[in-house]
Every structure is written in C-alpha cells, then in structure tokens.
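Computed from the coordinates by the stated procedures, all read-outs in this text should not be read as laboratory data. Only a predicted model underlies this, so the values are computations on that prediction, with no experimental measurement involved. Backbone-built Cβ (ideal geometry, glycine too); neighbour counts: all protein chains shown.
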Amino acid sequence: MPIRNVAYLSERKVEMEFIHVSKELSLSKVDVKLNMAVVASGVEFGKEGGFGQALHVKLEALIDHLSALAFDFGDSDVKLGSWIRFDLTFDYATGHRDSSPGAPNDLIFFAGSELSSVGPPVKLLLCGSSRHARLLRSEPLGHKDEHDRGHVGSNTDWIDDVVMQIERDESENRSIAPKIRSRMTESEQRREHYDWVAQQVHRITVQDHPPAQTADLKGLAQVLWIAPNEYIGSVVLATPLYLEYSHKKRTFRERMRRRFRGV
C-alpha cells in the first residue's frame, strides 16, 4: 500500500464511511489486511502524523471504492451529495465563528479553482475542523498559529453550523446525506444566502492571505452545496474525506494564477 503524505484526515469520517460502504467492498481482502494491521505495531501514516495501519487499510479501501464513483469537481454532473476528486493549488486558513470574537480557530478552509477556456473558473471550497488538519507540521493546526485569520466574515455563521453538524454526525456514525438533500427544500431566500456565504468565504480565503499560505493538494470530498454564478464562477462547497500533498506538475496558467489573487 502507498504511504500517503496526509494534510487533512478525520479518522471518524473514515471509520463512518467505511461502515456505510462495507457491504459493497471486497471484504475478504480488506479483512485479511486489517487482521495483519492489528498484529503489526502502529506505523506512521506519511510524515505528517502517526495514523494506525488499520486506519490506513480502511482509507485505501475507501479511496479505491469512491474514486470509481467520484466526478471531477468541475463536472457538470456534480450535484449535492456527490463524491468529487481534485488535484489543485489551494489557499488555506483557519478561523472561527464570526459571532464569537476571541474563540479558538476551530474551522479550516481550503480554497482552489480550476481555470476554464470558455468561461469563469469553477471554484472549490473545502471546509472542516482545524483539528483534522496537518499542514507543514507534525501537530494539528488550530488556535494562535500563523495561518490564523480569526473570524470568517460577517453573516457567515451558517458555514460554522455545517462543519459542527458534520462533526457531531460523524461522532455518532450518522450519514450527512439526508441533511444535504433537505437544504434544497428550504426557502429561496435561505438558498440564496447559502450561495452568498460560499462565495464570500472562498473570496476571503483567497484574497486575504499571502501567496505563501498555499499547498498543492489532491483528495476526495463530498459535496455539501453548489453556489452557481455565471459571472464570477460557481463555488462547490464540500467536506473532505482526506487530503494529501500532490506533486502534479502545474501548467504555466496555473502557476501564473498565484500572482492574481481572487481568481
């Protein structure tokens, strides 16, 4: 199995998703690997943290399974609840609920985009708990670090609610899919607010930080919301299963994007 250089991983999400898809996996092969992992002592999972080998086996099984189902994040067939794949340069930062000044930075955002030759870029915003993030260090990101941007932005508390609800659901092995679908039945005014929040948080994450706060990352995520905009580009909001460092060679256009904040 490959040793992945992990930048973000929720162990509870891996465990929960593994339970949900276990009936579809080839469990005979997975069980053999898990039994071997239990016997073996814990193995460092990449250089960014010490994750158990059993968790590694489950993650690899999930990646194999979900990669076959996932869409490229900019695909027109992506919808709420879809699994998506990506390999992008991201801006990232931690923050906290706008209405709680001085609170610990329990949120982390990764904002990236894919250039298009026929229109505005499709933007990707990944949101999660900062305690699952391991970027350029051996301990999780969090309160009082150099990636801190404090409050997320005025009237954006909805995105904090989303992250905290996902954390609660994962801790109790509850699927987030029903809540994702239920948002489409809410009032037009609420849905427009969700669109605005996704666009706003993506813009803040990209524009309010120096180019040094970037990382080339790839991974899988589940779509929470899609904020369409034909003028400045749609934003796909998603919760990551995992992120790992990417060594994909970037095109000239992708490298030039770093000089122009807000793309």
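Report, in listed order, any pair from 79/249; 123/179; 123/218; 13/123; 179/218 with a Cα-Cα distance greater than 19 Å. Mind dumping the intermediate values first?
On the way: 79/249 29 Å; 123/179 23 Å; 123/218 15 Å; 13/123 24 Å; 179/218 26 Å.
Too far apart for the 19 Å limit: 79/249; 123/179; 13/123; 179/218.
Quick one: if you stick a label point 7 Å off each Cα along the C-beta vector at residue 71 and residue 158, how many nm between them?
About 2.0 nm, to one decimal.
What distance in nm lies between label points placed 7 Å from Cα along the C-beta direction at residue 188 and residue 207?
The two pseudo-label positions are separated by 2.7 nm.
Could you sort the peptides 10-18, 123-131, 179-187 by per-residue average Cβ neighbour count (10 Å cutoff), highest mean leading?
123-131, 10-18, 179-187
Take peptides 163-176, 234-247 and line them up by average Cβ neighbours within 10 Å, highest first, as a rough protection proxy.
234-247, 163-176
Need one number: nm distance between label points at residue 229 and residue 20, each 7 Å from Cα along Cα→Cβ, rounded to one decimal.
Between residue 229 and residue 20, the label points sit 2.8 nm apart.
If you stretched the chain out fully between residue 79 and residue 3, how much longer would it get, using 0.36 nm times the residue separation minus the C-alpha to C-alpha distance?
24.2 nm is the gain from fully extending residue 79 to residue 3.
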